[in-house]
């Protein structure tokens, strides 16, 4: 729009974009309003748009993911959770908990332990995506009530994964952050639905997705109306099976360069072996991750899933001390659980 | 079961497995009945099962995908389509058509052209999974009516992709084979639903899935009750971007070695460049593929999606002559479209 | 050069290029002479070159590998071995033999067996590149005499690998084709030396080399003066360990599109398992490979190296019948060993 | 050996191993002497060895790389350079300098700048391995004299790459550490020669080498008699071309778990883009790397090679401040250049 474009003119352009079947995206930058024409075929009709009052010029998009791009929004997105927990503001957030909910005792013991060590978000799988149809698929629905209890008892925020559109609504009601897992990164029906749930979404990178593809999947959620997307690097498929996946920490500075969205790292899935988790957790923080997601189990060797990559509470407490030291050295605060009100 | 086990004893074991929460799978092999206990935790209780009348011994499973495994079913699965079209019986089936349905003229012209060249199944995307939310997402619902018209006019069988559980039912009603795409290979809700639709399913390998993971995804469909699964190799993610994907033809003999399920190859997505498609189509047939899926467009340079990898009808006709020559040389018949009754 | 450039003018330009420190490459195309300026910094001095008599214009190179590129030499390179064996002329050449020479009996038995089945080149490792310093490193020097004996007794051409510059001269004296192995694809000292040996060179693709990098390595040999380079696809490193490597057959049509050099495939290293070799051998031929390299051992289970991927003579004979059928179906002759004179 | 074995008995066993054609390796562990039989076939003859006086038992090797393995040598190897510079003792060593030597001014300016910022080793390519035969191949021999001058003027230790056996001797004479580059990781002739030069060797991981293969290549150098091997992670080949390579930092804790050898990281080649280098340098230190190798150029945009990934001196100084902060936070000293005597 021209610098002197009037609000009514801006509204008229937005209405015209909607009428054309495309989606308008409004941005303010350097005292000037930019309106994106996303999707549809009308974007190609230069003359049509340049004829509208207040329009200065129609420019081609220089990024495939305008809503996720730092080019259109230079300042970082901060995802605000209830209880004063912000993700993406420079502080470090740690999410921890078991791969899967097994029973009440396991959940509560782990939650108290990770809170004591400094985690602020509790993670635990309710429905689990499993490679084999015969593997433990999660406790399902009753797990949501256990998460609610963790929140009430410990003040921790909670996150769990939604596997499908149907489960998404139930999960969104029950938790503070909804996780879209690695295998679902290109489940577009799920991404579109996640764009309409009114809850922050943690989007994990697919095992062979490029960073551009990750940002395009985030764009699905953003374009459907949900601005609160947190990305997660959790390892890509590699040829060296000395680790379960290859944790691609360079994705963190690459995302920071291209996008305003926060990004965290999951060194548990990223390595698959508990003795490698602390080093990669420290490295992720040093690389600039806004947070960590770490698997912790009270008795890893008896875990129903992913025990090999889970830390016990003592090892997790050591990890927390180390990552705090790294974050502090780089001038980054670590958000402590006492910032989170119990029962909030 | 013991060799002399009576039918009532077999039924009793099956009922006991069901009562335990597991799924029974009955197989006959070398004059003896084997009953698999799939899932659940009761499988570990050796004494419980060995106490049942007629049971000889409880053996551990030696394969993670018993229903898909050649170990449990040595003879190949033949998927029978209406009109006498069999997939997996040694013959070669060719599926061809545009990446996406654009309009009636494009669909019918392509269908007649690929039939004339010898294809027996028509492929065309109705809903398209696209990396970008702003890319053409397919014509949707009206596309199904066009596929019905192709079937009526040409006698070709039709296949299209279902992206989600909701769409699956509608697709299953309208087509002969339902495709589960590469990005959905580990969409377990979709796989389970595909196990209950009563239609053959074409399951494409994920871009970074191992063959074992592909077979485990097939196992989800088989375990849900649908025995008609056709696998498809369509290229894995590689480092050399001179091709869009790396078509891993060794997956064909690996699958044949491990499983009784038929497998076809998609050299269009597997290479991403039309000048590479014929060579890889010939190679796939020589490697033992039960069929091919090839993108054909009447005017590839104007295609709304994947034009770069689509053949025009003349190039497709040449490809068909070449693959027939290879199949014939290896003693394999090529199923011709006149075997398929018009209006069947 | 201008169409009417005189030979003396051409010679003058070539001399000027040499004087500048660059390497001249002379090509004739469509009745016009092109002279490449390869390497050096003088290529950038447009005015200098355009001032020379007979020069029409200085054009930028459009390919990074002008000598290997089909753009500069549209017709295929045919590598001619003694005894009337041509590689790259449309016929199919099969190289077969054990991974490593073990003893005289093994070598001669294998050589006679592969000749009887239709191979024309005998392969056998004399010095072996082994991942572990403690693994069998090959019989060394005496192996060369055994290869000479194979040639005299059977009329087969022979090929073996040279591991370093020092061994290259000895190997070049003793064999018909010198192999540069996968691990040496970017051993530039070895490539340059291979450019000066006056023997055909088989250059294997590195485990994570792109096709462009393979052609640039070939360019090292070509630029050093040896035009007889045969490429070999032998599998790239992949994430699915159900095969030892991922045989990337699409490299064959990609190379044919970009280059005039012949290319063969090695399904033995490409799969690592003997039961997968025949399917991939057939596929390679169908994809357009100019030849095959196959490991054959009289007693694979007792081989000192790579027995798991070696065929026994009977399996190799079956493979030969199949690849002949495929080649014949595609109008390609299979070069038979009786074309090769014994003792030639 | 038995706990009470006499020295003469130990010597006798060692002599017997040598006589058998194998290589003996002597280790002391928990008050007991172990003697490895490396290579050869005699290791299988249990009775032969157990009959020798003082021998308690012949045990199978449990690691493929006994000399590199932490199992045989639990304490870390510390590589000691002249002037009191130790690598692998817990401190952090930074190697920095241009990709390639261009001229005296560039070399000296960079050396003084990196020393001022805190680097202790100067890196600069004299002979460069280049993918294209037409790219700048390094200044060659005269570069060695410039490195000597850097050492004399600044007190920095110097490192450069040797490309072949011939160059190795000259490089070894001129520098403090000899680099074996990524493309040469499986150049076994070069590795064996590097085992005999009496200088520390920096061995870079190949672009598609597993950690096991890296350690087996180190084993070649160790087995040839050189205990001073430093490993280097410099990025593996990946599918996402938003970085030049995928820096696999998990290799650092994996190596630390398996081996006693020091390991450093090269975030310049590991990312290929200068804006990503600082984050990955910090991450490597946090992951436990014993050092860094960073490309610095006085004017990166005019560098003759790899300018895109080179930092200018100011950016390098910032990087040094950040990595020192991370190292200090984790209780690790950063070795400062004033520990290194000028002219040492």
Residue match in the stretch D:21-33 (condition: loosely packed, with under 11 Cβ neighbours inside 10 Å and not in a loop (DSSP other than H, G, I, E, B)): yes
Failed item in (1) farther than 24 Å from residue A:150 by Cβ; (2) in contact with a strand residue (DSSP E or B) (Cβ under 8 Å, 6 or more places away or on another chain); (3) not in a loop (DSSP other than H, G, I, E, B), with residue A:193 passing the rest: (2)
Given (1) without any contact (Cβ under 8 Å) to a residue 12 or more places away in the chain; (2) within 30 Å of residue A:252 (Cβ to Cβ), index of the condition residue D:257 fails: (1)
Boolean, residue A:178 is part of a helix (DSSP H, G or I), assigned by TED's automatic domain parsing to the domain that holds residue A:267 and modelled with pLDDT of 95 or more: no
For residue A:150: the one exception among (1) within 24 Å of residue A:325 (Cβ to Cβ); (2) assigned to a helix (DSSP H, G or I): (1)
Residue within the stretch D:236-245 that is within 20 Å of residue A:246 (Cα to Cα) and under 16 Å from the mean Cα position of the chain (by Cα) present: no
Residues of the stretch A:57-75 that turn out to be surrounded by 13 or more Cβ atoms within 10 Å (Cβ to Cβ) and assigned to a loop (DSSP other than H, G, I, E, B), as a count: 12
Those residues of the stretch C:83-101 which are part of a loop (DSSP other than H, G, I, E, B) and either crowded, with 20+ Cβ neighbours inside 10 Å or touching a helix residue (DSSP H, G or I) at 6+ places or on another chain (Cβ under 7 Å) (or both), in sequence order: C:84, C:88, C:98, C:99, C:101
The stretch A:290-311: number of residues that are touching a strand residue (DSSP E or B) at 6+ places or on another chain (Cβ under 7 Å), in a loop (DSSP other than H, G, I, E, B) and farther than 25 Å from residue A:256 by Cα: 4
Filtered residues of the stretch B:114-125 (kept if touching a strand residue (DSSP E or B) at 6+ places or on another chain (Cβ under 7 Å) and either surrounded by fewer than 22 Cβ atoms within 10 Å (Cβ to Cβ) or within 14 Å of chain A (Cβ to nearest Cβ) (or both)): B:118, B:125
Failed item in (1) surrounded by 24 or more Cβ atoms within 10 Å (Cβ to Cβ); (2) in a loop (DSSP other than H, G, I, E, B), with residue B:199 passing the rest: (1)
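Let's see how each residue does on (1) more than 14 Å from the chain's Cα centre (by Cα); (2) within 12 Å of another protein chain (Cβ to nearest Cβ); (3) in contact (Cβ under 8 Å) with a residue 60 or more places away in the chain:
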position: B:138; (1), (2), (3): yes, yes, no
position: B:143; (1), (2), (3): yes, no, no
position: B:168; (1), (2), (3): yes, yes, no
position: B:176; (1), (2), (3): no, no, yes
position: B:188; (1), (2), (3): yes, yes, no
From C:80, C:157, C:151, residue being surrounded by fewer than 22 Cβ atoms within 10 Å (Cβ to Cβ), within 22 Å of the chain's Cα centre (by Cα), closer than 26 Å to residue C:319 by Cα and at pLDDT 95 or above: C:80
Every residue from the stretch B:28-61 that is under 24 Å from residue B:258 (Cα atoms) and within 14 Å of chain A (Cβ to nearest Cβ): B:36, B:37, B:38, B:39, B:43, B:60, B:61
Among (1) modelled with pLDDT of 95 or more; (2) buried (at least 22 other Cβ atoms within 10 Å of the Cβ), the one test that residue C:108 misses: (2)
Residue selected from the stretch D:312-343 under the condition within 14 Å of another protein chain (Cβ to nearest Cβ) and touching a strand residue (DSSP E or B) at 6+ places or on another chain (Cβ under 6 Å), by the criterion surrounded by the most Cβ atoms within 10 Å (Cβ to Cβ): D:327
Residue within the stretch A:267-289 that is buried (at least 24 other Cβ atoms within 10 Å of the Cβ), part of a strand (DSSP E or B), more than 7 Å from every other protein chain (Cβ to nearest Cβ) and touching a residue at least 40 places away in the same chain (Cβ under 8 Å) present: no
Selection count, the stretch D:40-50, where residues are at pLDDT 75 or above and either crowded, with 17+ Cβ neighbours inside 10 Å or touching a strand residue (DSSP E or B) at 6+ places or on another chain (Cβ under 8 Å) (or both): 2
Any hit, the stretch D:11-27, residues being away from chain C (no Cβ under 14 Å), under 29 Å from residue D:264 (Cα atoms) and modelled with pLDDT under 85: yes
Positions within the stretch B:153-166 being in a loop (DSSP other than H, G, I, E, B) and facing another protein chain (nearest Cβ under 10 Å), in sequence order: B:163, B:164
Number of the condition not met by residue C:107 [criteria: (1) closer than 24 Å to residue C:207 by Cα; (2) outside any loop (DSSP other than H, G, I, E, B)]: (1)
Checklist (1) within 21 Å of residue C:230 (Cα to Cα); (2) in a helix (DSSP H, G or I) applied to residue C:332, failing item: (2)
Search result, residues across the stretch C:210-244 that are part of a strand (DSSP E or B), farther than 13 Å from residue C:180 by Cβ and more than 10 Å from chain D (Cβ to nearest Cβ): C:233
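The values are calculated or read from the model by the stated rules, or taken from the named source; none is laboratory data. Quick caveat, the model's predicted, so the values are computed rather than measured. Cβ sites come from the backbone with ideal geometry, for glycine too, and all protein chains shown count toward neighbours.
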